[in-house]
Amino acid sequence: MAAVLRFLIAVLLFSSIATASLSQEEEEFSEELLLKPLADRKVLAHFHFESKAPPTRTYGHHHRLFPKALYQLVQKFRIREMELSFTQGRWNYERWGGFDPISSSNAKPPGVELWAVFDVPHDLVDASWKNLTHTLSGLFCASINFLESSTAYSAPDWGFQPFSGSLRYGSLPREAVCTENLTPWLKLLPCRDKAGLATLMDRPSIYRGFYHSQRLRLSSTEFGSTEVESGIALDQTLTVVLQPTTSHRASMTYSSDSVLQPSWSLSSIFGRKVSGRCVLANSSNVYVQVERGLMSELKILHAEDEGSGADNLTFEKTWNNPGFELSIAPNRVIKEVNILHDETSIVLYEYLIDNYSNSEPFDLGFTWKFPVVWSSPQAPLHASRFLMGSGNERGAIAISLKATEPSDGLWFADTIENSCMLRFNVFQVVPWYVRVYFHTLQVFVDGKPQSVTDFIERMRISPSEDKVSPGVMEMALKLPCCVKSVTLTLEFDKGFLHIDEYPPDANQGFDIPSAVISFPDFHASMHFLKDDSLNKSPLLSKFQIPRRLVGLVSCYPSCLLS
Amino acid sequence: MGSFFRFRAFLLLILAATHLCCNSIAHSSSSASSSSTTMHTNNWAVLVCTSRFWFNYRHMANTLSLYRTVKRLGIPDERIILMLADDMACNARNKYPAQVFNNENHKLNLYGDNVEVDYRGYEVTVENFLRVLTGRHETAVPRSKRLLSDEGSHILLYMTGHGGDEFLKFQDSEELQSHDLADAVKQMKEKRRFKELLIMVDTCQAATLFSQLHSPGVLAIGSSMKGENSYSHHLDSDVGVSVVDRFTFYTLAFFERLNMYDNASLSSLFGSYNPNMLMSTAYYRMDLYQRRLEEVPVTNFFGSVMETIHTVSAYRAPSGKNSDKDKIKLSLDQSVGLDERRTLTSSNVQDQINDSNTKVSSVIPPYSYLHIFFCISCSDLKDGKALMLQDQLGLLEHLWCTFLNKAEKIEDVDILVNYGLVIMFPLVAKTNCKYEDLSIGGCCRTIV
């Protein structure tokens, strides 16, 4: 009897140890939706799905939640990092923000953009890239296989990402994005578009938006030599900017002659409601974000409204204020920790979808009560690119950067010898048939031509070769903070194309891929109260940078060209 | 006595010679009429829209209508190759984003939620089209972009766009000519990439596109004949362009009445086209096609309805070829007889399964042919007679099975044939039966 007891106890202990060790390594999946009213009467909806798989060495090849197609992709091509985005529309940096985590990571050039870092020897990277493009074109129903030819991709060194030499970057500016690209993207999710937040994705509503961008980001430590093995992480985001339909109340004019913003709800912008969470997800949340600018305007409104004897607007009750009202009380209100000064901060209202079901769907409504006008935080420079000259006569590409109003010293500028300097990188790829003459580079600061060496810290040029490779330019510039505008011009000639090299719709012309401007010294992040529960939200933890990394994370607004 | 021996020796020689020629004829007949020896196992659809630009919206709607029909009737996305030369649904000129309509009542959104386009935009070229058909791709091309058909596939090839006398225009920049298409189909036949192929073309002068075909097993229909134009059906004033072509509109009208379980035949589909409504003559050619159109259900090409064979135990499928032969050769009039034969076959199956020592009898069909052929002189061999003999097969198979059970250990089939020869020779010499007796089954029965 005693022996049996001892045996049973041993078995129990063993099983508990086994399950304990197993439970440390688990696949995780979480889904989130961020809604944000934008300054120009539009609404931003940002879906974020994150899936994590433990390392193969300890967990094995079979996964429950992680999509098999991507796992096999990582294994076959030995991918360390990869990002693929499908975008239509242009991100309006002035109205929608240029200095927040969403715009820095989700404002993508139109068309298809793909970059990948491989863990293979240098001579095999190009072959891996070719096979990767073909596989992705079959997986996502797009012509990504056009990136296989050497005229379509480039190998940036430091201008795009601070990585080593096995990064390949390619972009197809004219690629159409439609339902057939979203279908396989959704099929990678454990619940697909049948349950959870992805049920909101009504295709006509998404593609009616002013901007829509679906992004897939893979990072793995399967093949690297890092000590910390974190397995494979997959981030899928869909960012849509929608225009809610105006209601009758909008016709009311107010004292300041401004029109009330249109009220919206999930069912009015998507035509659907959330009828439950995806049961395979660890967390399924909806967030509504109120920007700093909007928050400060609301405080002013509250002060005017209540008179001088009113108590301060407590954040717990801000979801019902004189400016707007949310139809459902949030589960939690998260306030940003403002380490600079304790003025207004970003507020997030969190909703947990666990309690909602088919019989009681989640339909959040946002009703504006008073017209409010605010502005979003801007990047240090506002960039635009255009062509000068006509045809072959003095044709030139010009990148123009204008300083924006600094929003209350939000960014840390690099101080060198007590003088404030602004640093930024420019990365531009131009197809071979636009023959850029790099020796004609001119820099105009505040309208006056300057010597190139005064402002350019370093530059890497890869001149184009006819029908072989595009022209790549990576430039690091440094300017004093007081500069108002910078313009870079490069002259070009048009190359000669054979008749079979023209696309079938040659009347529409050719698109040059977007250039990327990045600010290595600035970080776009939001700091929240250090709380364990926040770490469970992948969206918020991506927004939140731990303090030790302040100042090292870069923000990358892209400059778009049509 | 001596003359009798000489007669027997002479007969032996004749039998040996006919054995050799029967082998070759049997093999050639089996390869030529492959439809009788391979089973129809899967359906594929290759849907091609070759037109670019917004004013060719209707060609996209045509192709998507067929895509929707084919998916609805059972062919999965993995077996459909959809080639769309331009993007209409998310086109900046489309007032209804992510929606494509083929009717001005806008009841049906053809684009839906789950569309998968394999070749799109600039990828739809004559080169890629021919690569898909012939299966000659670069190694990196993924499986979803390949036509992975085999000798048991029925393929539906639908092409729409702008065409003319012996050509089809691809994206305003190149042409596919009728002899190119015929060559590609011939390559497909050589490589056994299809069992039967249905080509449907909706362009102007469509029938000229398949005028050069000469591979067997191909059925083709075009929306108009040489010198005729194909017209669009109606204009949608909301979208701003014509939304569907007449031929496809009436094809869809036919299919919308169907579901997966209907067995409307191809002849009713082809007969449903009214030249007055189409404003052109829908011409089809069936000279390369062996089966009669009344017997072919439309789901053989447009859907994916598979015959299920019920088995008692898992993992021991019966030889599908037996039941398939019975199904193909009997016309619909003999439905009663079909049931009989089906039950007989299934009882055969039972016998085979219950007898645990039996090997799966993939060896049955050709050799039963051969043994019948021995009984008659091979110079009389014509398809008709073989058919009649095959009707007897159901009855004979039972006996054959018992024979095979005994001969289970024989691996080398040639030895089996030689044994048969040796056994049969003295009997033939003795009985000296005539053909009429054999047809009723008298002589061969005793042998087998």
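Only the coordinates and a few stated rules stand behind these numbers; no lab work does. The structure presented is a predicted model; accordingly, all values stated were derived computationally and were not measured. Quick reminder, even Gly has a Cβ in these numbers, built from the backbone with ideal geometry, and neighbours come from all protein chains shown.
Observations on the structure shown:
- Residues A:Thr245 and B:Asn42, FRET efficiency given R0 of 45 Å [Cβ-Cβ distance, rounded to 0.05]: 0.45
- Cα→Cβ-extended label distance, 7 Å offset, between B:Tyr419 and A:Asn131, nm: 5.1 nm
- The spacing between segment B:166-219 and segment A:478-510, judged by their C-alpha centroids, is 43 Å.
- Which listed pairs, of A:Lys108/A:Lys130; A:Lys68/A:Lys187; A:Lys42/A:Lys484, have C-alpha distances above 18 Å, in listed order: A:Lys108/A:Lys130; A:Lys42/A:Lys484
- Interchain or long-range residues, amide H under 5 Å from A:Val274's placed H: A:Phe362
- Calculated FRET value between A:Arg332 and B:Asn276, using beta carbons and R₀ = 60 Å, to 0.05: 0.30
- Inter-chain neighbour count for A:145-153: the average number of beta-carbon atoms from partner chains within 10 Å of each residue's beta-carbon is 1.
- Residues B:Met225 and B:Arg257, FRET efficiency given R0 of 25 Å [Cβ-Cβ distance, rounded to 0.05]: 0.40
- Mean sequence separation of contacting Cα pairs (under 8 Å, at least six apart), scaled by the length of segment A:142-206, corresponds to a relative contact order of 22 percent.
- Trypsin sites (Lys or Arg not before Pro) within segment B:64-134, DSSP loop, no more than 13 other Cβ atoms inside 10 Å: B:Arg93, B:Lys95, B:Lys107
- Averaged over B:167-174, number of beta-carbon atoms from partner chains that fall within 10 Å: 2
- P(r) weight above 21 Å for segment B:129-213, C-alpha pairs, percent: 31 percent
- Take each residue in A:191-203, count the other chain C-beta atoms within 10 Å of its C-beta, and the mean is 1.
- Loop-resident trypsin sites (Lys or Arg not before Pro) (DSSP state other than H, G, I, E or B) in segment B:265-315 with no more than 14 further Cβ atoms inside 10 Å of their Cβ: B:Arg292.
- Per DSSP, loop trypsin sites (Lys or Arg not before Pro) in segment A:35-124 with at most 12 further Cβ within 10 Å: A:Arg64
- Ellipsoid fit via the Cα gyration tensor, segment A:18-113: semi-axes of 35, 18, 10 Å, each the root of five times an eigenvalue, largest first.
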